Amino acid sequence: MDRNAKILVYASAGLLLAFGRYPVSWLLSSRRKVAAPEPLKAEERRYIRCRSGNVVYVEMEGPESAQVIVLLHGLNSSRDQWYYQRQHFVRKYRLVIIDLPGHGNSPKPVDLTIATVAYDVKDVLEHLHITNPILYGHSMGGMIAMEYCSRQLQPAAKGLILQHSTYTNALKTAQFSLLLRFLQKPVIEPFLNYVIKHPQPFRIMGKLNYLNGLSVLFYRYLFYTGEQTAAQLLFTSKIAALCRPEITAQGMLKCIEYEAGRSMRKISVPALVIAANNDRIIQPRAPRCIAKNIDGSRFITADGGHLSLIEFSNETNHVLKGFVAQFSA
């Protein structure tokens with residue numbers, strides 16, 4: 001290989017490593033005409049120290065006198081995942097958007113246990129003098145919202161929305177659950193503990209894999225069904241790349257040890273439980289079981305994967321609008 005050919009090979013490899021995410025996201029996405037998501041920043045924002053020692057970042061927007069909806073995102077994400085829901089509901093509802101401990105702008109957590117974060121939500125609501133909120137949680141955020149309501153914490157929730165959430169060890173209700181459960185003790189838990197102790201290499205790999213498109217490929221097949229746009233795929237992949245791997249590992253361990261069990265039956269508020277027919281992270285049987293254990297709840301199976309609230313945002317918002325309307329009539 002002559003010198004010019006080597007330069008061309010090295011230059012191509014460098015471009016792929018730095019910008020591979022763009023062709024990968026374009027090739028793996030639909031050409032639908034959908035508004036591209038982007039980070040939003042509300043005018044009202046603050047840090048709140050909770051009694052657990054956790055500090056959480058909170059943003060507020062919408063009419064102050066309107067019905068409050070509290071948005072709780074999932075693991076390895078941030079408040080930015082709510083772009084389409086914020087745009088849809090901000091004019092008629094008071095939105096309280098929380099970065100879970102260690103996520104987004106919230107600093108490193110003292111404790112990321114599901115029950116602890118549920119009490120953190122209580123502290124946030126008390127600090128903001130909020131009563132009768134609707135709690136809307138996605139994935140891990142739904143587990144936190146469910147824990148809040150099953151413990152009947154005050155201020156009491158007026159309504160509950162659980163989207164793509166589980167009630168037990170997250171590995172039990174994921175795709176390939178038998179294999180994951182087999183690997184839990186000998187492989188998965190030791191690996192997660194290793195990431196917590198040695199996060200730096202994983203931080204570097206996370207950033208590089210976002211740039212070269214490897215994590216974009218991973219996100220497409222794990223969280224979407226192919227109807228997402230390139231902008232949506234890049235947006236959520238970047239959110240994940242900005243998350244600290246040690247926090248994600250801690251959160252995953254807390255999701256593995258979680259068990260709602262019979263406490264779900266203590267939930268007495270109107271609830272909307274949403275599953276996705278192609279969710280590889282939380283199989284539809286998990287939300288269906290939750291709905292069966294909450295008296296009077298409404299269960300819906302939506303199109304899409306684990307991030308259907310982004311991929312099929314219009315359909316998601318339509319379902320949400322019908323449910324929350326009963327509280328502001």
Criterion (in a helix (DSSP H, G or I) and surrounded by fewer than 24 Cβ atoms within 10 Å (Cβ to Cβ)) met by exactly one of A145, A115: A115
Which ranges mark the helices (runs of 4 or more DSSP H) fully within region 231-329 that have 1 or more residues being within 27 Å of L178 (Cα to Cα) and in contact (Cβ under 8 Å) with a residue 40 or more places away in the chain? 245-257, 285-293, 308-311
Look at E126 and say whether it is free of Cβ contacts under 8 Å to residues at least 40 places away in the same chain, of a type in the set (D, E) and either in a loop (DSSP other than H, G, I, E, B) or at negative phi (or both). yes
Can you list the strands (runs of 3 or more DSSP E) found entirely within region 44-93 that contain at least 2 residues being crowded, with 20+ Cβ neighbours inside 10 Å? 55-61, 68-72
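Any residue at all in region 259-267 that's among the acidic types (D, E) and closer than 18 Å to F223 by Cα?
No: region 259-267 contains no residue that is among the acidic types (D, E) and closer than 18 Å to F223 by Cα.
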Which residues, taken from region 241-298, are polar (S, T, N, Q) and over 27 Å from S78 (Cβ atoms)? S263, S268, N293, S297
Before we move on, is G206 small (G, A, S), within 13 Å of S237 (Cα to Cα) and touching a helix residue (DSSP H, G or I) at 6+ places or on another chain (Cβ under 9 Å)? yes
Of the residues that sit in region 64-96 and are more than 16 Å from L309 (Cα to Cα) and polar (S, T, N, Q), which one is farthest from the chain's Cα centre (by Cα)? S65
Which one is surrounded by the fewest Cβ atoms within 10 Å (Cβ to Cβ), of the residues in region 223-255 that are within 20 Å of E189 (Cβ to Cβ) and in contact with a Lys or Arg (Cβ under 9 Å, 6 or more places away or on another chain)? R244
Taking into account only those residues within region 148-179 that are farther than 17 Å from G261 by Cα and aliphatic (A, V, I, L, M), which is surrounded by the fewest Cβ atoms within 10 Å (Cβ to Cβ)? L178
Subset of region 94-123 [in contact (Cβ under 8 Å) with a residue 40 or more places away in the chain and charged (D, E, K, R)]: D99, K108, D111, D120, D123
Out of everything in region 11-57 that is more than 30 Å from E227 (Cβ to Cβ) and hydroxyl-bearing (S, T, Y), what residue ends up being modelled with the lowest pLDDT? S12
Every residue from region 284-305 that is under 19 Å from the mean Cα position of the chain (by Cα) and either among the acidic types (D, E) or farther than 25 Å from R265 by Cα (or both): D303, G304, G305
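The values are calculated or read from the model by the stated rules, or taken from the named source; none is laboratory data. Here the structure is a predicted model, which means the values were calculated and not measured. For neighbour counting, all protein chains shown are included, and Cβ atoms are generated from backbone atoms with ideal geometry for every residue, glycine included.
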